[in-house]
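Below you'll find the structure, written out as structure tokens, and then a few comments.
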Amino acid sequence: MKYISTGEAARLCGVGINTVKRWIQKGELKCVITPGGHWRIIERDFRSFLKTHDITPLLPRPSRRHKVLLIEDDPAMCSLVEGALELSSFDIQYDYANDGYTGLMKIGCMQPDLLILDIMLPEINGLELIHRIRKSGICCDPRIMVITGAGDRTVVKRGLDKAAPDAALFKPFATNELITCVEQQLSSKPLRRSRSL
């Protein structure tokens, strides 16, 4: 199932994001709410809405998108990352997992261009996760960006040196730092053609 953000819906309809939110609040446009509290519109419902209201999208849906998977157990951090991805100048398909094992399964299904993960995860920590991803030789070979709030930076940096992620951010960080880091990582990874929408 494909989802689009309220911002993307607003761009396609040529309206402000608050207009899209009003359509949702009035029940004219269906949506789901992510664990981070953001609204996502199911693509087929959006197409139906466009047809019902005789709206022609301003821009065609892109056939190529950057895929980003976040593996993070903190809902507040998930919400922050999701909001930052919406502000990015890149067209991003986003998903998340709240533990390492679920993340490993989603990597196989989604084949992300960029994997953003926390080091301190339940079940399996982020450094071990990086080791497993690199050892498995998964076909998508994502760029890996670590976000961590771990207290002892010296110990963490030693672990990061061994795991060798492509980028690392220490919490707390500014939203623009996150956006810049994500865009740098996506710029250095060529796009794969995604399946048709």
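The values are calculated or read from the model by the stated rules, or taken from the named source; none is laboratory data. Owing to the predicted nature of the structure, the values given are computational and were not obtained by experimental measurement. Cβ sites come from the backbone with ideal geometry, for glycine too, and all protein chains shown count toward neighbours.
Table for the structure above
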| read-out | value |
| --- | --- |
| All positions within region 165-189 that are more than 14 Å from S79 (Cα to Cα) and among the polar types (S, T, N, Q) | N176, T180, Q184, Q185, S187, S188 |
| Extreme residue, modelled with the highest pLDDT, among residues of region 38-84 that are among the basic types (K, R) and touching a Leu at 6+ places or on another chain (Cβ under 9 Å) | K67 |
| Some residue of region 59-72 being part of a helix (DSSP H, G or I) and either more than 20 Å from the chain's Cα centre (by Cα) or farther than 30 Å from E123 by Cβ (or both) | no |
| From I24, I4, residue being of a type in the set (V, I, T) and either over 28 Å from S188 (Cα atoms) or assigned to a loop (DSSP other than H, G, I, E, B) (or both) | I24 |
| Region 5-64 - residue that is of a type in the set (V, I, T), in contact with a Phe, Trp or Tyr (Cβ under 7 Å, 6 or more places away or on another chain) and within 20 Å of L80 (Cα to Cα) and, of those, surrounded by the most Cβ atoms within 10 Å (Cβ to Cβ) | I41 |
| Matching option when the condition is at pLDDT 90 or above and more than 14 Å from the chain's Cα centre (by Cα), among L104, L29 | L29 |
| Residues located in region 27-44, provided they are within 22 Å of D95 (Cα to Cα) and assigned to a loop (DSSP other than H, G, I, E, B) | L29, K30, C31, T34, P35, G36, G37, H38 |
| The lone exception for T34 - which of (1) modelled with pLDDT of 90 or more; (2) not charged (D, E, K, R); (3) not assigned by TED's automatic domain parsing to the domain that holds L104 it fails | (1) |
| Residues that are assigned to a loop (DSSP other than H, G, I, E, B) and surrounded by fewer than 16 Cβ atoms within 10 Å (Cβ to Cβ), drawn from region 74-119 | S89, D91, D99 |
| Tabulated pairs, region 163-184, first on the phi < 0 side of the Ramachandran plot, second modelled with pLDDT of 90 or more and among the basic types (K, R), C-beta under 7 angstrom, 6+ apart or interchain | D166/R143 |
| Near pairs, Cβ below 6 angstrom, 6+ apart or cross-chain, from region 20-47 (more than 13 Å from K2 (Cα to Cα) and touching a residue at least 12 places away in the same chain (Cβ under 8 Å)) to any residue that is of a type in the set (D, E) and surrounded by 16 or more Cβ atoms within 10 Å (Cβ to Cβ) | G36/E82; H38/E82 |
| E123, sole failed condition from (1) in contact with a Gly (Cβ under 7 Å, 6 or more places away or on another chain); (2) of a type in the set (D, E, K, R); (3) assigned to a helix (DSSP H, G or I) | (3) |
